[in-house]
Amino acid sequence: MAIASKGSRRIVVDGQAYRWAVRPRPTYAQGLGAPLTFAVQQVGAGEGQILRVVAAAARPDHWLGEPVTAIAPAQVAAAIRLGLEAGWAPAAPGSAFELRLPAQ
């Protein structure tokens with residue numbers, strides 16, 4: 001499954017283009033404080049593997065008073081590099097590769 005161009009952002013990391021997106025609205029679990037997640041896919045990879053990144057804190061728009069995080073392009077770039085080091089193969093077909101970010 002590909003990440004749609006609408007609602008996603010483009011980022012170039014080490015000369016390779018990627019698209020990344022955060023869900024527009026929280027899931028029910030995320031609304032209750034579950035960690036923020038975002039997806040990354042290599043541009044031009046077609047049906048390549050998606051990197052699913054799980055942050056260490058909740059979304060800024062969750063419903064409770066838990067600690068929150070916002071995702072910046074620098075954090076996305078760092079997550080892409082960590083995913084590649086951990087074995088994410090963006091051009092290979094397959095199910096999503098999950099990467100859990102450590103608490104900062």
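Quick one: Karplus J couplings for the range 10-26, per residue in order, coefficients 6.51, -1.76, 1.60, θ = phi - 60°, nearest Hz, x for Gly and Pro?
Couplings: 9, 9, 10, 10, 6, x, 10, 8, 9, 10, 9, 8, 10, 3, x, 10, x Hz.
Which whole-number percentage describes the relative contact order of the chain, with Cα contacts under 8 Å and a sequence gap of 6 or more?
It rounds to 27 percent for the chain.
Anyone know which of Gly65, Gly94, Gly48 comes out most mobile in the 10 Å Cα GNM of the chain?
Evaluated over the chain, the most mobile residue of the options is Gly65.
In debye to the nearest 20, how big a dipole does the chain give about its Cα centre with +1 on each Lys and Arg Cβ and -1 on each Asp and Glu Cβ?
Result for the chain is approximately 280 debye, rounded to the nearest 20.
Need one number: % antiparallel among DSSP beta bridges in the chain, to the nearest 5.
75
Can you tell me the 0 to 90 degree angle between the C-alpha axis of helix 73-86 and the longest principal axis of the chain, rounded to 10?
60
What is the calculated FRET efficiency for Arg25 to Ala103, with r their C-beta to C-beta distance and R₀ = 22 Å, to the nearest 0.05? If you can, show how the numbers build up before the last one.
Details: r = 25 Å, r/R0 = 1.11.
Computed FRET efficiency for Arg25 and Ala103: 0.35.
Place a +1 charge on the Cβ of each Lys and Arg in the range 46-104 and a -1 charge on the Cβ of each Asp and Glu, then give the dipole magnitude about the Cα centre in debye, rounded to the nearest 20.
Numbers: 4 positive and 5 negative charges, 15 e Å.
It comes to approximately 80 debye.
Could you state the orientation-averaged shadow area of the convex hull built on the Cα atoms of the chain, in nm² to one decimal?
Mean projected area of the Cα convex hull: 6.4 nm².
Coordinate-derived values only; no laboratory data. Keep in mind the model is a prediction, meaning the values are calculated, not measured. Every residue, glycine as well, gets a Cβ built from its backbone with ideal geometry; the counts of neighbours run over all protein chains shown.
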